[in-house]
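Okay, so here's the structure we're looking at.
The values are calculated or read from the model by the stated rules, or taken from the named source; none is laboratory data. Just so you know, these numbers come straight off a predicted model, no measurement behind them. All Cβ positions, glycine included, derive from the backbone under ideal geometry; neighbour counts span all protein chains shown.
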Amino acid sequence: MKNNKDNNRKQTRLLNKTTVALLAAGAAGAVYVLSPSLTALEKKISDTNSPEVSLTYLQELERINPDDPMIPYLKAKLLYEKGNYNEVMDLLAPEIKEDPDHSALDTFILYLKTRVAMSDSIDNKSKEQVITEVKAELDALVNRNFSPEQIHEIVNICYQISDANRAYDYIIKIEEPDYKTLNETYSLALQSGHYGKALEIRKSLFLNNETEEGYKELFKLYVEAFDKNLFASFLKEYDGKFKDDINFIKAEIDTANKLGLFDESAVLLETLCQKEPTYENLMKLVETSVSKQDLDKAKDVLEKLYASDEHQDHKPEIARKLHDVYTWQSDIENSQRLSLELLNFDPTKEELEQGIAESSALADMEKMGIFYDASFEKGLVAEDDYDDFVDVMEKAYGSEKALSAVDSLLEKSPKNEVLLGHKLRLTSYVQDYPQVVKAYESLRTVRVPTSQEALYAANAYVMLGEDKKALTALTSVKNWNEENDDYMIMVSSLAWSCDDDSIGRYSQNILLDRNSSDANTYQLLNSIGPIDENNLDKLIAYYEKKKDFAIASELLTYSNEKGNYDLMQKLVKVVEKNDPASFRSNAVLSYRAVLSMHERDYKQAKGIYEKMLKNDSSNIEAIEGLCNLALLNGDKKEADSLYKKYRSKFITNPNAWQIAASLASELGYGNEAKAWYEQYLSTVSEPSAVDLLSYASVLEDLGYTDKSYKLRRFVVETKTKDLLSLDDNNVTLASIISTFVSKDKGEAVLRKELESTQSQALVSQFISTLIDRNDIKSAIYFRKRSSLAQYALSDSQELLLAVRTKDKAKIKDLLERGVGIKEPERYDALEKLTKRLEAYQLAKRTVGVSPDKSVNNSLRSQMAADNNSMSRSLMAVYNSQPKWGLHSYTVSYHAPYSLGQLSLATVYQRSKAPDDMAIDKLKSEKRIIGSISYETEKHDYALTADLADGAADPRYGVKLDYLFRFDERYSVSFAGALNQHSTLSHMMTVLGKDNYAQMSVGANPWGREYFVFTSRYHKYKTRYDENLGTGYDLEAMAMTPVFNSDPTVYGYVAGLYQNNNLSDDPLNKTNKLNGSLDNENINSLGSDSYISKQYKHLALGFTTNHGEPGVPGPSVPSPRFMFDAFTGYNFTEKKMDAGISAGVGVSLFKAQDELFLMSSLQTADRQGNKSVVITVGYSMVF
């Protein structure tokens, strides 16, 4: 163990060391001199308060009685009190070792106290380990017998180690504790959670001394212990002086409630109410009864309270509570009674709603009105209750008051759809049509009205003379076509009066689908559209239900027009069954005669016609039928007789003029037929194709061939639909197909007809159909088939096939001698012969002059693509690169010629000296650039001369370009150039030149993506012809469209690799210009001032445009714009860069001119510097 000097140092001493030493020496001397007896020494020890003195006496006592076992304990105790814990442990250790059973309890207790006191300073053990060992020793001792003093010592040890549980375990071993011990036991019981013991002690203390503070502490402990059984037992057993005390009973109730002893609390509460029947106590009794679901008791108490005059101030609260109890008991009548009485106590919204609900349950509309009226007066009617409110107000007080209430509510909520709906209905009831319309218009702004609301509005609109708005109201309803027949009839009637054919047809078809007998037959037949297979059976069923012959008449007319004799037969039988009178009338007899004619029962047909004449001697159908029967039987004499007999009736009946013309033609009365036709056609606004063709035949027979031809051509061009419905007897199928432009159906008809019949017209039309849908392979295949090869095609068709098959010889031949070839077809043919300029000039001569709009539109589209290359233009451009201080002014002229294009440009350029130079200014440069190209279908050649005179020697540049097209999607180009202008750097731009050879490959393999790869070999020189070095670069780009519509959007990726070998040759002339030769302080310029050794860059970007600003000859309308953006990585500089370009061009004079502005910004150019270029220009095409 450690030395206890530190512990000794900490003890507070009443005497200093010197004094103590003198006292001890004096005491020892006195002892030695006086030599007291053992008894005297023990008495001296007990009387002294000084540990040092007591220790001196003990040492003398030990000398006298060395075998006394108590002396070491007492010495250890005195040393403990002095704080000499190490000495205590040294003194007690042998004793503890010799007493493993700890029979000397005082010694062992002192030993444990010392261990606790030294827990921070015992070698090789933490405080926690020491405490744990002490707790284990205490647990081992707990069952031993101890004196009260020993127990208190052990409890103190437990206090020192903060162990209330073990302290409690020991202190309860004291059998007859005094008051102080009892309080200490109570405290430890609480700390250790032994509430039962604590309660037992507290209860004992209270019963021994019954005070208000005592029972409050006791009840508080019961709550903390939360042992309801113990408190219930107390309630049963207690019979002390507080038993009838009101405050005590209240405390009992409060504690019982906290412990969940609600039954006991209720009993106590009843006792309290008997002793103190106050309003508060009685209401608590009510609450308790309600919580116990003893509603009868709660009701009894509340009814007595409500009937009593003592509690007038609390009557509203009592009434509300009693109302609740009635409600819980489902006593609706009493609940309503209380709700009515609550009207006198400023009821809340919820109470009014309860009254409404109760009255509703009792079907008491009058009381509902009272509650709703009260809610309305207080402004408490909720939006969710508007429907019920208005309904009740209307039933209880009438529409006028309900409408007034609705108007009041609308002042606060003018857009409330429920209120607007009710206002619409109520104003309709009171026939205030302007207000109906106003309410409807307001409702429409909030939601779609219902069908009933639409009917209210429609009725109001009709009464105000606005049928169109009424129709709109009805058809604005969602799914209005699913409404009942009455609704649909109103819609159809309004559609009829408003001449709305679309809605009329739709609504009438709905009525027809429903087979509604209430529909108006006339309107239905005139609204549903033409009779067809879709509505045929519906109309028959409708006729059978309604038995209106107008329907049957329409159906019979349809069957006759379609030549559907089976249907006609069916209809005649239906009429016979449903309407015998109509069956015998001329209206049906005419169809019965047609059926007989179809069945070749001419005798029966003649009998029917004669019967018709008997019914009506002027019946034209009967006269025509008898004449046709005579002609059919070859009896022209009878036919002639009938014609002459009834000619006078024909003259007076315009409906007979057509029949008279046909009969006259058949009988050979050509002039009469012509007169009849002209008389008939003069009265018809839309004559049929058959009538016109018949008239043309009469004219041709009379020798009017030119007029006949024009008339037939007119029919072919304007009566396509009529022609398609004709039989082959009237006009051949070839004529119909050749005049009727069809797609799949037309081609199917042609193919089917060609299987059995072949003709020039059929073959021509069939080939045209294939060409129109761009099926050239099929057209060529069928054109070369032996069965079709014998038929000639039109020159226009032959030219189209020649262009598609690239047969130049045939194209040339057809352009020279072909007839009927339209200008757009010639344009394509001339371009195929590489006569682009001739084609362009043809279009310019034709557009706006040709009366054919389709020709004009086609040529405009074709010209737009060639505007840039095929038009003459003049352009002026200003270009600025602020970073370099470079400004240029360019005027250029471009023009096509018969073999290609030519251009001429002049440039004036001024620039400050590059940053590497010592001088500030350079001489301005003047350039002239001329180029000419020769273009063929496969090859393009271009020669360019570029002459410049500027800061150094003049530059005479020349370049030759060659382009070869493998086909429309692949090409390769080559270029060779000497002394060319270069923009690689500022130095190269003003004092350098480039000699290079180039090859480029372009590919558009799938018609969308475009790829280009370019390689170049360079030899760079200064303008003084000094060698700068050689190099090569590789460039690749892939582009794909994102949106093909206008404006187009393309995405692209581009990469560039450039590698140069710089020359070490001195640049004497350049350095002389710079002043480096004459001044050693000026750095000499080298090849690296012009070009860099390497440049590697990869970019990803997109571009979008509408036309091409800055390119003369616009292909799209003004304004035109472009925007390009990319981001990339400069591998040489090892950093990201980005760039944007934008341009816009507008036409100033609505002609082919353009004022344009373009700008580009790059964060890092090839030298790693920011680059900005601004371009402004104006171009004009003439």
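Among the conditions (1) under 27 Å from T327 (Cβ atoms); (2) surrounded by fewer than 16 Cβ atoms within 10 Å (Cβ to Cβ); (3) touching a Lys or Arg at 6+ places or on another chain (Cβ under 9 Å), the only one that P277 does not satisfy is (3).
Residues considered: M568, M612, M597. Of these, the only one that is in contact (Cβ under 8 Å) with a residue 12 or more places away in the chain and within 60 Å of the chain's Cα centre (by Cα) is M568.
Of the residues screened, D244 is not one that is of a type in the set (D, E) and modelled with pLDDT of 75 or more.
Residues in region 1020-1040 include at least one that is modelled with pLDDT of 95 or more, β-branched (V, I, T) and either surrounded by 18 or more Cβ atoms within 10 Å (Cβ to Cβ) or in contact with a Cys (Cβ under 9 Å, 6 or more places away or on another chain) (or both).
The residue that is nearest to D532 (Cα to Cα), counting only those in region 556-566 that are buried (at least 18 other Cβ atoms within 10 Å of the Cβ) and touching a Phe, Trp or Tyr at 6+ places or on another chain (Cβ under 9 Å), is S559.
Sub-9 Å Cβ pairs linking a first residue in region 323-335 that is more than 14 Å from S359 (Cβ to Cβ) and at pLDDT 80 or above to a second residue that is not in a helix (DSSP H, G or I) and not hydrophobic (A, V, I, L, M, F, W, C), at least 6 apart or interchain, are V325/D331; W328/Q293, ordered by first then second residue.
Okay, residues lined up against (1) free of Cβ contacts under 8 Å to residues at least 12 places away in the same chain; (2) within 22 Å of F1013 (Cα to Cα):
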| residue | (1), (2) |
| --- | --- |
| A1036 | no, yes |
| V1042 | no, yes |
| L1077 | yes, no |
| Q1094 | no, yes |
| G1107 | no, no |
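Tally time: how many residues in region 692-705 are assigned to a helix (DSSP H, G or I) and either at pLDDT below 80 or touching a Gly at 6+ places or on another chain (Cβ under 7 Å) (or both)? If you could, list the steps in order and put the result at the bottom.
Restricting attention to region 692-705, the residues satisfying the condition of being assigned to a helix (DSSP H, G or I) are 692-701, 705.
Filter again for either at pLDDT below 80 or touching a Gly at 6+ places or on another chain (Cβ under 7 Å) (or both), leaving 693, 697-698, 700-701, 705.
Matching residues across region 692-705 total 6.
Filtering region 989-1034 to residues that are over 56 Å from the mean Cα position of the chain (by Cα) and part of a loop (DSSP other than H, G, I, E, B) leaves R1023, Y1024, D1025, E1026.
Conditions tested, residue by residue: (1) more than 26 Å from K570 (Cα to Cα); (2) in a helix (DSSP H, G or I); (3) among the aliphatic types (A, V, I, L, M).
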position: Y591; (1), (2), (3): no, yes, no
position: L595; (1), (2), (3): no, yes, yes
position: R600; (1), (2), (3): no, no, no
position: K606; (1), (2), (3): no, yes, no
position: E621; (1), (2), (3): no, yes, no
position: L626; (1), (2), (3): no, yes, yes
position: S648; (1), (2), (3): yes, yes, no
position: A656; (1), (2), (3): yes, yes, yes
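Please pick out the residue among N84, N49 that is more than 60 Å from the chain's Cα centre (by Cα) and at pLDDT below 75.
Working: N84 fails: at pLDDT below 75.
Result of the check over N84, N49: N49.
Looking only at residues of region 870-882 that are surrounded by 15 or more Cβ atoms within 10 Å (Cβ to Cβ) and over 15 Å from S931 (Cβ atoms), we find that the one that is farthest from the chain's Cα centre (by Cα) is L874.
Are any of the residues in region 672-684 part of a helix (DSSP H, G or I), closer than 22 Å to K603 by Cα and of a type in the set (S, T, Y)? Can you show your working first?
Just the residues of region 672-684 that are part of a helix (DSSP H, G or I), to begin with: 672-681.
After this cut, where a residue has to be closer than 22 Å to K603 by Cα as well, the list is none.
For region 672-684, residues part of a helix (DSSP H, G or I), closer than 22 Å to K603 by Cα and of a type in the set (S, T, Y): absent.
Going by the conditions given, is G950 more than 24 Å from A997 (Cβ to Cβ), assigned by TED's automatic domain parsing to the domain that holds L991 and crowded, with 19+ Cβ neighbours inside 10 Å?
On the way: more than 24 Å from A997 (Cβ to Cβ): yes; assigned by TED's automatic domain parsing to the domain that holds L991: yes; crowded, with 19+ Cβ neighbours inside 10 Å: yes.
When the stated conditions are applied, G950 passes them.
Can you pull out every residue in region 72-119 that is more than 22 Å from N145 (Cβ to Cβ) and among the aromatic types (F, W, Y)? If the condition is that a residue be more than 22 Å from N145 (Cβ to Cβ) and among the aromatic types (F, W, Y), then Y80, Y85 are the ones that fit. What about N979, is it loosely packed, with under 14 Cβ neighbours inside 10 Å and either in contact with an Asp or Glu (Cβ under 6 Å, 6 or more places away or on another chain) or without any contact (Cβ under 8 Å) to a residue 60 or more places away in the chain (or both)? In short, no.
Look at (1) at pLDDT 80 or above; (2) under 30 Å from E252 (Cα atoms); (3) of a type in the set (G, A, S) and you find that S192 fails only one, number (1). When restricted to residues that are assigned to a helix (DSSP H, G or I) and modelled with pLDDT under 80, region 413-425 contains 0.
For D1078, state whether it is modelled with pLDDT of 90 or more and assigned to a loop (DSSP other than H, G, I, E, B). Explain how you work it out, then say what you get.
On the way: modelled with pLDDT of 90 or more: no; assigned to a loop (DSSP other than H, G, I, E, B): yes.
Spelling it out, it is not the case that D1078 is modelled with pLDDT of 90 or more and assigned to a loop (DSSP other than H, G, I, E, B).
Considering each residue of region 424-461, count those that are hydrophobic (A, V, I, L, M, F, W, C) and either at positive phi or under 32 Å from the mean Cα position of the chain (by Cα) (or both), and give that number.
3
Look at (1) exposed (fewer than 14 other Cβ atoms within 10 Å of the Cβ); (2) assigned to a helix (DSSP H, G or I) and you find that Q431 fails only one, number (2). Against the test of being within 37 Å of the chain's Cα centre (by Cα) and of a type in the set (S, T, N, Q), the options S404, S399, S413 yield a single qualifying residue, S413.
Could you please give the count of residues in region 579-594 that are under 22 Å from L629 (Cα atoms) and among the aromatic types (F, W, Y)? Break it down stepwise before answering.
First, the residues of region 579-594 that are under 22 Å from L629 (Cα atoms): 584-594.
Then drop every residue that is not among the aromatic types (F, W, Y), which leaves 591.
Count: 1.
Take the conditions free of Cβ contacts under 8 Å to residues at least 60 places away in the same chain, in the same structural domain as V877 (by TED's automatic domain parsing) and not hydrophobic (A, V, I, L, M, F, W, C) and apply them to P1112. Does it pass? The answer is no for P1112.
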